[in-house]
Amino acid sequence: MDAKLLELLVCPVTKGPLRFDREHQELVSRSARLAYPVRDGIPALLETEARTLDDDEIED
């Protein structure tokens, strides 16, 4: 994911920063405890598309 794009994107729920998880192809919002999928290089920043993170995923 392009670093400049990542700087502009925020979590749609908390408006906080997102971290790109390359292994899972997801944008992670620790404050919202959500992971948004990135499909074909396009982030799906909809709360309904996100999966809830487990406690152990938050600490990584």
Per residue, how much accessible area does the chain have with a 1.4 Å probe, in Å²?
69 Å²
So the label point goes 7 Å from the Cα of residue 47 along Cα→C-beta, right? Which residues of the range 1-32 then have their backbone N under 15 Å from it?
11-16, 29, 31-32
May I ask you to evaluate 6.51 cos²θ - 1.76 cosθ + 1.60, the Karplus curve with θ = phi - 60°, for each residue of the range 44-49 and list the ³J(HN,Hα) values in order in whole Hz, giving x for glycine and proline?
9, 8, 10, 4, 6, 8
Using Cα-Cα distances under 8 Å and only pairs 6 or more residues apart, what relative contact order does the chain have, in percent?
23 percent
By the gyration tensor of its Cα atoms, with a ≥ b ≥ c the square roots of the eigenvalues, what is the shape of the chain: rounded for a/c under 1.5, prolate for a/b over b/c, or oblate?
rounded
Would you mind checking the range 28-60 for residues with the amide N under 16 Å from a putative spin-label position 7 Å along Cα→C-beta of residue 8?
41-45
Carbon and sulfur: what percent of the chain's accessible surface (1.4 Å probe)?
51 percent
Could you list which residues have their amide H under 5 Å from that of residue 53, counting only those 5 or more apart in sequence or on another chain, with H placed in the peptide plane?
34, 35
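The values are calculated or read from the model by the stated rules, or taken from the named source; none is laboratory data. Keep in mind that what you see is a predicted model, and the values were worked out from it rather than measured. Here the Cβ is made from the backbone with ideal geometry for all residues, glycine too, and neighbour counts use every protein chain on show. When the accessible area is computed, the model is the full protein with side chains, heavy atoms only, and any ligands, DNA or RNA have been set aside. Shrake-Rupley method; radii C 1.70, N 1.55, O 1.52, S 1.80 Å.
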